[in-house]
2 protein chains.
Amino acid sequence: MKIGIVAPSCRLDETVAERLPGLARDAYGSDAPEFVIHPQCFLSEGHFAGPDAARADAFVELANNPDIDAIWFARGGYGACRVADNALPRLSDAARTKAYLGYSDAGFLLAGLYANGIGRVAHGPMPTDMKREGGKAAVLRGLGWLMDPAPLPGAKKQAAFNLTVLSQLLGTPLQPDLSGHVLMIEEVGEYMYRIDRSLFHLTSNPGMRQIAGLMLGRCSDVPDNDPDFILTEEEVTRHWCRHAGIAYLGRADIGHDADNQVVPFG
Amino acid sequence: MKIGIVAPSCRLDETVAERLPGLARDAYGSDAPEFVIHPQCFLSEGHFAGPDAARADAFVELANNPDIDAIWFARGGYGACRVADNALPRLSDAARTKAYLGYSDAGFLLAGLYANGIGRVAHGPMPTDMKREGGKAAVLRGLGWLMDPAPLPGAKKQAAFNLTVLSQLLGTPLQPDLSGHVLMIEEVGEYMYRIDRSLFHLTSNPGMRQIAGLMLGRCSDVPDNDPDFILTEEEVTRHWCRHAGIAYLGRADIGHDADNQVVPFG
């Protein structure tokens, strides 16, 4: 099995790339996959892992390669929205049978893939999570899904996104039809007033009001609000769900951390 | 003439309210307007100038009062999106003949008013701008429009928003039809990668691709990006306009500052 790795957002640390094959061998022995780590992962141009064209081309090249079984987004940051509408229309039949895994900023591409019915798409850990404490388990969790990207038996339709990323693609061609889905959201590094505002945005969108229900993942590294926002992330999520007539279905086990679970879409 | 002042977002400083009548008298003498400053402006609940219901009710009360000629939003911050869809459907015929002025977070209500064809709506200075250096001129500029809210003779249709606020209402019922409008945007306190992401969002929305062109106001207090984003706010605006087939029409004289101009919508 071959897993292609590209970085549509920010640059990947070489140390992560170096450690990945050994980690897979330790876990899978001779069944370990081969990693095709595109050199684009190590480019750098300002905020990004190389120019927009290089990031789009690397993604299209590996996604369209029939010898590669799955695409693993190397890491998040910011930049995937800059390549989505250049890359997605260039995907061929070979791209349609692949699995795609990532989260955070990679959600722009996961959304666009899912909106266009391309491949099997999941929110879940990325190679860069290796740098977290306990991150080895997260990376192996992601790898496990890539090795066997089956939908969960009997599971409801579902999808998962970083809240800000989902907010920032509402009303664009990247917005997928999530009607009937359990939607999980998570957030990192945003003030409570911004979490509240993004929830207004999400729950005011007519398409999003068709979801089966909303689950709240972890909101980590929330800066102190001045003045105190008083309301917690769960209280504001309940508020907006009630306001929009969306079922609040409790907490989801996702977030910017080593415990982040894989959520296959659909 | 009577001007009603409400605070749909954050609390107004009493000192601003105390200084406003004197400032108007100095400028207009016996023609100075009477200010009806709703006591809700001084409520406080966490981030907001009182509970959602109090902010919505104060706005509806003054907007529906036939003795009041215009509504001036006291200040921005965050919170107007929490009252918009409660308040807007309750506005009566008396609200339809008024002028409404504000900017920043008040843009949620300006958008909803304009989307529903209610009143004469403008982006422009608010009472709280008095606290800025040179802010007295800004407040008088806003007051001047409220005293005579005429459209600019021969001007193209136009609208102006804080970029983040406009982004956060795309794909919701608050999104106005801006086809054929010159759209001006400004930003404050956002990282360049966020300005870029909001511009992706804005220029990827099919409705926004119908504008006559985009003008870029000032982007102030931009925190340092790590790594350096390289691109300036004008370069990213040109990038996204080119990408979306939207005409870039140059700089607009708006922003979170004392020079912020009045932009009547329509």
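The values are calculated or read from the model by the stated rules, or taken from the named source; none is laboratory data. What you see is a predicted model; the values in this text were computed from it and never measured. Using ideal geometry, Cβ is built from the backbone for each residue, glycine included, and neighbour counts are taken over all protein chains shown. These area figures cover heavy atoms from the full protein model, side chains too; ligands, DNA and RNA do not enter into them. Shrake-Rupley method; radii C 1.70, N 1.55, O 1.52, S 1.80 Å.
Restricting attention to the stretch A:66-88, and to residues there that are of a type outside the set (D, E, K, R) and more than 14 Å from every other protein chain (Cβ to nearest Cβ), which single residue is farthest from residue A:163 (Cα to Cα)?
Taking the candidates together, the pick is A:66.
Look at residue A:29 and say whether it is more than 16 Å from residue A:108 (Cβ to Cβ) and open to solvent by less than 10 Å² (accessible area, probe 1.4 Å).
no
For the stretch B:35-58, does any single residue satisfy the condition of being assigned to a helix (DSSP H, G or I), among the polar types (S, T, N, Q) and touching a residue at least 12 places away in the same chain (Cβ under 8 Å)?
Yes, the stretch B:35-58 contains at least one residue that is assigned to a helix (DSSP H, G or I), among the polar types (S, T, N, Q) and touching a residue at least 12 places away in the same chain (Cβ under 8 Å).
Scan the stretch A:187-194 and give yes if some residue there is free of Cβ contacts under 8 Å to residues at least 40 places away in the same chain, out of contact with any Phe, Trp or Tyr (no Cβ under 7 Å at 6 or more places or on another chain), farther than 28 Å from residue B:202 by Cβ and open to solvent by less than 40 Å² (accessible area, probe 1.4 Å), otherwise no.
Within the stretch A:187-194 (the criterion being free of Cβ contacts under 8 Å to residues at least 40 places away in the same chain, out of contact with any Phe, Trp or Tyr (no Cβ under 7 Å at 6 or more places or on another chain), farther than 28 Å from residue B:202 by Cβ and open to solvent by less than 40 Å² (accessible area, probe 1.4 Å)), the answer is no, since none of the residues qualifies.
Which numbered condition in (1) crowded, with 22+ Cβ neighbours inside 10 Å; (2) touching a Lys or Arg at 6+ places or on another chain (Cβ under 6 Å) is the only one that residue A:36 fails?
For residue A:36, the failing item is (1).
Give me the helices (runs of 4 or more DSSP H) completely within the stretch B:149-255, filtered to those with at least 2 residues that are of a type in the set (Phe, Trp, Tyr) and within 14 Å of chain A (Cβ to nearest Cβ), ordered by residue number.
Fully inside the stretch B:149-255 and qualifying: B:192-204.
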